[in-house]
Amino acid sequence: MSEWFVYQGIGQPDPARIDALPEPPPWRRFDAPPVDYEVPELDSATHRRLGERTVPLPVQDPDALELVNAALYLRRPLLVTGEPGVGKSTLAHSVAYELGLGRVLEWPVVSRSELRDGLYTYDAIGRLQDAQLPGEAAAQDIGRYIKLGPLGTALLAADKPRVLLIDELDKSDIDLPNDLLNVLEEGRFAIPELERIADRAPEVRVLTHDGRRVTVREGQVRCRAFPFVVMTSNREREFPAALLRRCIPLDLKAPRDERLAALVQAHFGQGAYDANHDLVDRFTQAEADGALRPTDQLLNAIFLAQHAAREAGQRREEISELLMQPLDRGPR
């Protein structure tokens, strides 16, 4: 293990390692004053992905670890590509778990996603309705109707970086990757509804994506520690060159050998890998023959083999055949 690695992929929490991260390069330094903001602890989503017993290694080769750490050092987004089920999203949760960076902010991208969805929402209709109620003065507080999105929350001026997962960016509208460029480069964005009233209300309390209240000053959200951004892609489309040059690329391979064993034991306990080596061998052999099988197909087969097929023998074979069908890779 290289001594300069902050994230080591060992599956054990060591929050002190984030303090070993050096100052960013001069062109990636952000100096926003800190905000009064308590970062939430890890939630069940992280434990569900990593397993409750022994956290599996999300990356297994030195080159991949170097790229993850390069993104941390350079304060650049990590663009993770790979087949479905190789652990692209899990990587973000593993970094948050190992470095003690709190709850992962997740932005699942769909074809209708726009940049503003990730930054903030403003409930103008709700405010108008409240203003029409007799004796209702709460509508004067515009902060009640503004909620920061996952990207907007990640850019708050916290002392330690938040982990932001922008999941399946390749499913987005063609404009979203380009729209992300300025925000990811500058580490800041404006909320026009608050900028317009900054002379009368320079500080406004708004809701964050994870349910906290935080003060926004002068209608601007500015970061202090640039977030660790993981953008995932299933390779369904190409991204603009301007985005690619601002990212650290990582092509994540399917789990094999020790990493696959750790994954099985994380979800099913010590000894589960040995007890289900027949299913694991079938899974790895199918992948070696060129079939695409997400790892969760293997986990599903093991779960059913343990709980719904106690006759073992041929029944295990039938379950594995039913659940571990190859997926169509689609156009390349």
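Going through (1) assigned to a helix (DSSP H, G or I); (2) open to solvent by 80 Å² or more (accessible area, probe 1.4 Å); (3) more than 18 Å from THR90 (Cβ to Cβ); (4) at pLDDT 65 or above one by one, THR284 falls short only on (2). When residues in segment 161-209 are screened for being out of contact with any helix residue (DSSP H, G or I) (no Cβ under 6 Å at 6 or more places or on another chain), within 30 Å of PRO15 (Cβ to Cβ) and open to solvent by 60 Å² or more (accessible area, probe 1.4 Å), 2 of them pass. Checked against (1) more than 22 Å from ASN69 (Cα to Cα); (2) at pLDDT 80 or above, ARG245 passes all but condition (1). State which residue is most open to solvent (accessible area, probe 1.4 Å) when the search covers only segment 223-244 and only residues that are closer than 19 Å to LEU165 by Cα and not in a loop (DSSP other than H, G, I, E, B). Among residues in segment 223-244 that are closer than 19 Å to LEU165 by Cα and not in a loop (DSSP other than H, G, I, E, B), the one most open to solvent (accessible area, probe 1.4 Å) is LEU244. Among the conditions (1) among the small types (Gly, Ala, Ser); (2) at pLDDT 75 or above; (3) closer than 30 Å to VAL110 by Cα; (4) surrounded by 12 or more Cβ atoms within 10 Å (Cβ to Cβ), ALA254 misses just one, which is (2). Confirm whether ARG212 is in contact with an Asp or Glu (Cβ under 7 Å, 6 or more places away or on another chain) and in contact (Cβ under 8 Å) with a residue 60 or more places away in the chain. So ARG212 fits the description; yes. For segment 22-34, the set of residues classified as open to solvent by 30 Å² or more (accessible area, probe 1.4 Å) and under 15 Å from PRO161 (Cα atoms) consists of PRO22, GLU23, ARG29, PHE30, ASP31, PRO33, PRO34, listed by residue number.
Identify all residues within segment 209-222 that are in contact with a Pro (Cβ under 9 Å, 6 or more places away or on another chain) and within 13 Å of ILE146 (Cβ to Cβ); write none if there are none. Passing the criteria: HIS209, GLY219. Among the residues examined, THR90 does not qualify as more than 22 Å from THR284 (Cβ to Cβ), of a type in the set (Val, Ile, Thr) and assigned to a helix (DSSP H, G or I).
The values are calculated or read from the model by the stated rules, or taken from the named source; none is laboratory data. Note that the structure is predicted; figures quoted are calculated from it, not measured. Every residue, glycine among them, receives a Cβ derived from its backbone with ideal geometry; neighbour counts consider all protein chains shown. The area values use the complete protein model at the heavy-atom level, side chains included, leaving out ligands, DNA and RNA. Shrake-Rupley method; radii C 1.70, N 1.55, O 1.52, S 1.80 Å.
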